[in-house]
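To keep things clear, I will list the structure first and then write my remarks on it.
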Amino acid sequence: MYLLKNRILTDGKAINSEILKVDSFINHQIDSNLMKEIGKEFASHFRDKNISRVMTIESSGIAPALMTSLELNVPLVVLKKQTSKILNDDFYQTNVISFTKNTTYNLTLSKKYIKPDDHVLIIDDFLANGEAASGAAKLIEEAGAKVIGIGIVIEKSFQPGREKLDNLGFDVYSLARIKSLSEGKIEFLD
Ligand code: G4P
């Protein structure tokens, strides 16, 4: 997506060879007009796939996912990160490791907000190791629903997440694919 890539080049900062700082327009201050365009782009890519719900993981995935759900005119479900296990049958849960942040959490989805006939589109801001997206997909499939696609705003293609999701057979659509962040230089894959 030209608009996003251009903005990453203008306002993004490679703070080291692993981490891209985008907090002036994606995840601290949010450029709502850019988010609106991001939502339109995901919606147009997945529009003919009969999506019934959009899902994301709190918190930075919410802005692009909300714009996408608005465009597709379907509900948005936000998967929660709980610190502890919930010991009752009302929720699906799976443990997720964040290698970037060196934390673990229990990704949680209420059974009220997923049905076996759902066609789900997962949206997230970053794809690094693919743990959050694959954890979300696991919960959706446990409910008997289908993961129709995974939309990613910024994919760090030099990390293992994309290959992991491809190998699991998911249809992944990333708006900006970053080849490398070496020596402060941001390079895209295409
Ligand atoms: P994975 O889901 O692909 O396995 O990735 P991982 O856990 O390793 O990292 C995901 C978390 O780290 C996300 O935040 C994501 O926004 C953040 N992250 C990963 N790479 C970058 C990066 O290069 N730049 C920035 N700014 N953030 C990055 P989170 O834990 O979900 O927290 P939240 O911000 O959504 O609340």
Give the number of residues within the stretch 167-190 that are in a loop (DSSP other than H, G, I, E, B), surrounded by 13 or more Cβ atoms within 10 Å (Cβ to Cβ) and touching a residue at least 40 places away in the same chain (Cβ under 8 Å).
2
Find all pairs meeting these conditions: Cβ atoms under 6 angstrom apart; at least six residues apart or on different chains; first residue within the stretch 97-112 and in contact (Cβ under 8 Å) with a residue 40 or more places away in the chain; second residue within 14 Å of the ligand (Cβ to nearest atom) and open to solvent by 70 Å² or more (accessible area, probe 1.4 Å).
none
Which residues, counting only those in the stretch 115-141, are more than 15 Å from Glu155 (Cα to Cα), open to solvent by 10 Å² or more (accessible area, probe 1.4 Å) and either hydrophobic (A, V, I, L, M, F, W, C) or free of Cβ contacts under 8 Å to residues at least 24 places away in the same chain (or both)?
Glu141
Residue identified as modelled with pLDDT of 95 or more, among the hydrophobic types (A, V, I, L, M, F, W, C) and outside any helix (DSSP H, G or I) among Ile122, Ile86
Ile122
Just checking, which of Ser59, Ser44, Ser24 is polar (S, T, N, Q), exposed (fewer than 13 other Cβ atoms within 10 Å of the Cβ) and within 22 Å of Ala128 (Cα to Cα)?
Ser59
Looking at (1) in contact with a strand residue (DSSP E or B) (Cβ under 8 Å, 6 or more places away or on another chain); (2) more than 23 Å from Gly39 (Cβ to Cβ), which is the only condition Asp118 fails?
(2)
Using beta carbons and a limit of 6 Å, which pairs, at least six apart or on different chains, have the first residue in the stretch 15-34 and within 12 Å of the ligand (Cβ to nearest atom) and the second one open to solvent by 80 Å² or more (accessible area, probe 1.4 Å) and not in a loop (DSSP other than H, G, I, E, B)?
Ile15/Lys21; Lys21/Lys13
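The values are calculated or read from the model by the stated rules, or taken from the named source; none is laboratory data. Please read these numbers as outputs of a predicted model, since none were measured by experiment. Glycine gets a Cβ as well: all are built from the backbone with ideal geometry, and neighbour counts include every protein chain shown. Heavy atoms of the whole protein, side chains included, go into the accessibility calculation; ligands, DNA and RNA do not. Shrake-Rupley method; radii C 1.70, N 1.55, O 1.52, S 1.80 Å.
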